[in-house]
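These notes concern the structure reproduced below.
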């Protein structure tokens, strides 16, 4: 009697099952890694924009010209559901340059207006001592806290 070499159906099913488990695990891990990178990227971008606005205001070197009056600082604004941060040089009688910065993966969960005052005069956070910039990807909300002194704190995830 001649024996044929090959794999049994059970061996093939076990192999396919193991491969399915490995591929599923890999895809899930990749998706999570991509999400973590998006969080880091957008958080760093927000902090970079805030820091740039603070430095511009601190230097007080924005030319508002005689038409617009004295320089009052840099105004940072966000809107709920928007992906962009707007930074505007603010003068007494009008506005100077405006710059928009877009996030890659998140939208803002809060509307904010923060004015960084010139020459180390701190920031205008309104009635509170801190201002929170909350941003979300639909799965979770993350927060960056700005204190009246200008100190930034990335608080990470604040809700699911």
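The values are calculated or read from the model by the stated rules, or taken from the named source; none is laboratory data. What you see is a predicted model, and the numbers here were worked out from it, not measured in a lab. Heads up, the Cβs are rebuilt from the backbone with ideal geometry, glycines too, and the neighbour counts pull from every protein chain shown.
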Could you list, in sequence order, the residues of the range 27-79 that are surrounded by fewer than 17 Cβ atoms within 10 Å (Cβ to Cβ), closer than 18 Å to residue 99 by Cα and touching a strand residue (DSSP E or B) at 6+ places or on another chain (Cβ under 7 Å)? 45, 47, 60, 79
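Yes or no, residue by residue, for (1) under 26 Å from residue 35 (Cβ atoms); (2) in contact with a helix residue (DSSP H, G or I) (Cβ under 7 Å, 6 or more places away or on another chain); (3) touching a residue at least 40 places away in the same chain (Cβ under 8 Å):
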{"residue": "69", "(1), (2), (3)": "no, no, no"}
{"residue": "72", "(1), (2), (3)": "no, no, yes"}
{"residue": "84", "(1), (2), (3)": "yes, no, no"}
{"residue": "138", "(1), (2), (3)": "yes, no, no"}
{"residue": "154", "(1), (2), (3)": "yes, yes, yes"}
Test for residue 156: is it on the phi > 0 side of the Ramachandran plot and within 13 Å of the chain's Cα centre (by Cα): yes
For the range 39-85, name all the residues that are part of a strand (DSSP E or B) and either more than 15 Å from the chain's Cα centre (by Cα) or more than 13 Å from residue 133 (Cα to Cα) (or both). 71, 72, 73, 74, 75
Consider residue 86 carefully, then state whether it is closer than 18 Å to residue 111 by Cα and surrounded by 19 or more Cβ atoms within 10 Å (Cβ to Cβ). no
Could you check residue 21 against (1) assigned to a loop (DSSP other than H, G, I, E, B); (2) over 20 Å from residue 140 (Cβ atoms); (3) at pLDDT 90 or above and say which number it fails? (1)
For residues that are in a loop (DSSP other than H, G, I, E, B) and surrounded by 14 or more Cβ atoms within 10 Å (Cβ to Cβ), tally how many sit in the range 89-120. 7
